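The values are calculated or read from the model by the stated rules, or taken from the named source; none is laboratory data. Keep in mind that what you see is a predicted model, and the values were worked out from it rather than measured. Glycine also receives a Cβ, built like all others from the backbone with ideal geometry; neighbour counts cover every protein chain displayed. All accessible areas refer to the heavy atoms of the entire protein, side chains included, with ligands and DNA or RNA removed. Shrake-Rupley method; radii C 1.70, N 1.55, O 1.52, S 1.80 Å.
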Amino acid sequence: MNFDSAYFDAGVNRIGTDCEKWDGMIAATGDPDMIPMWVADMDFPSPPALKDAMAKVLEWNTWGYTIAGKKDAEALRGYWARRHGVQFDVEDVLMSPCVVTGLRLCVRALTNPGDGVLITTPVYGPFFAAVKGNEHPLVESPMVMDDNNRFTLDMADMEARLADGSAKLVLFCSPHNPCGRAWSEEELKAVVDLCRKYNVPLVCDEIHADFVYAPGKHHSIMSIEGAEEIAVMLCAASKTFNVAGLQQSSIVCKNETMRKAIASEMENGGVRSGNAFALAATRAAYTECDEWLDGLKRYLADNRDFVVEYVAENMPKVKVTPLEATYLMWLDCRELHMEQKVLLDALMDNHVKVNDGTFFGDLGYGFIRLNIGCPRAQLYTALCAMKNVLG
Ligand SMILES: Cc1ncc(COP(=O)(O)O)c(C=O)c1O
């Protein structure tokens, strides 16, 4: 099969699949014409190999307790070595349902009651919830935005918050949702060095690792010198191969003490992986789908360039954060001086649902997040409607 632009242009009809993005939105808004440019999954079919793998499981006609383990960790290890040049052992891997489960487990396992947890903001909403929901003080380190809307870390601020003991754990998003950064090796090394200096565990959510656009490259935290002492890497096939509904992810940690603490937290919470369909599909994703993924990345890079051009021509007051990674674009609408609710309501009135910037923290006020993981025709229709409000 040819995973060219015609394949991705065709998309997939998701209405009636109980998906949050379309069915959930239509149920909530009552608007069947609403275009969903929000929640982070894609309007493309998953690779055919996944359907084949799950069809085989369906054929078994028996789905008792499943072994989740070595085979799955081997597929994961092979994938990360091949695609990202990262080395870890099968023994370093724990299986978990979702990446957000992993974030929450790590907060619980790697801190003591009352310990502060640092996040660099704005960031994916569940980072806040993973800290606050577990009753830990939230320590925000705002990132710095330059004149081109590119975000960088404020290392001095981060250091101050670790040095005075306010934060005893760092949750980090790499690549970054919603700011689209693919962190450089130097930036990651600085974060690792800081965490080592203050002996603070570093939990790195790498769910968007596969969406770093050329000429960039994803640098996993696991490939940074010294990270093996303090880092946990959370990853999944869910974003990459569009299978978030299967609920399967992995936790990679080379530090045995930390890994055992996470495993014990999983045990205590009764958190298990073992969905036969999810495991089979994930193994297929990690071993048989490179061509599909390469085609997808080309298509998404074109979608990104299309948005940049369209916004520059038609919405001159909107600034687009450079998208080095992810399929989620961060649009700065502050120059329009609209109240956030008025802005979002106006977009909805024009039948476009995007993510509210404040889902990513207070610093997201005046911003919206646009999901470009869809056929170009859908993207174009959404942009034309957005122009009525933002143009
Ligand atoms: C940075 C980040 N982490 C985690 C998730 C969710 O992952 P999961 O569905 O495996 O919990 C998302 C989804 O958008 C995300 O952007």
*Of the residues A129, A109, A75, A81, which single one is open to solvent by 30 Å² or more (accessible area, probe 1.4 Å), more than 16 Å from the ligand (Cβ to nearest atom) and either within 16 Å of A285 (Cα to Cα) or of a type in the set (A, V, I, L, M) (or both)?*
A81
*If you check every pair at least six apart or on different chains, which have Cβ atoms under 7 Å apart with a residue in the stretch 83-112 that is within 21 Å of G69 (Cα to Cα) and of a type in the set (D, E, K, R) first and a residue that is away from the ligand (no atom under 12 Å from the Cβ) and in a loop (DSSP other than H, G, I, E, B) second?*
D92/K254
*Any hit, the stretch 122-140, residues being part of a loop (DSSP other than H, G, I, E, B), in contact with a helix residue (DSSP H, G or I) (Cβ under 6 Å, 6 or more places away or on another chain) and polar (S, T, N, Q)*: yes
*Please work out if V90 is surrounded by 12 or more Cβ atoms within 10 Å (Cβ to Cβ) and in contact with a Gly (Cβ under 9 Å, 6 or more places away or on another chain).*
yes
*asked:* Show the residue pairs meeting these rules: Cβ distance below 7 Å; 6+ apart or different chains; first residue within the stretch 332-351 and within 22 Å of R150 (Cα to Cα); second residue among the charged types (D, E, K, R).
replied: D332/K319; E335/K317; L336/K317; Q340/D356
*So which of I26, I67 ends up being surrounded by fewer than 18 Cβ atoms within 10 Å (Cβ to Cβ), in a helix (DSSP H, G or I) and β-branched (V, I, T)?*
I26
_Here's a check for you: in the stretch 137-160, which residue that is open to solvent by less than 20 Å² (accessible area, probe 1.4 Å) and more than 16 Å from the ligand (Cβ to nearest atom) is nearest to E185 (Cα to Cα)?_
M158
*So V342, is it within 18 Å of N177 (Cβ to Cβ), assigned to a helix (DSSP H, G or I) and not assigned by TED's automatic domain parsing to the domain that holds R150*: no
_Condition check for R196: touching a Gly at 6+ places or on another chain (Cβ under 8 Å) and away from the ligand (no atom under 16 Å from the Cβ)_ = yes
*Only one of M386, M348, M329 is at pLDDT 95 or above and in a strand (DSSP E or B); which?*
M329
*Out of L246, L279, L300, L234, report the one residue that is within 16 Å of the ligand (Cβ to nearest atom), open to solvent by 10 Å² or more (accessible area, probe 1.4 Å) and modelled with pLDDT of 95 or more.*
L246
*Residues in the stretch 351-362 that are part of a helix (DSSP H, G or I), open to solvent by less than 60 Å² (accessible area, probe 1.4 Å) and of a type outside the set (F, W, Y): how many?*
2
*asked:* So, L331, is that one away from the ligand (no atom under 16 Å from the Cβ), over 18 Å from Y380 (Cβ atoms), open to solvent by less than 60 Å² (accessible area, probe 1.4 Å) and in the same structural domain as K21 (by TED's automatic domain parsing) or not?
replied: no
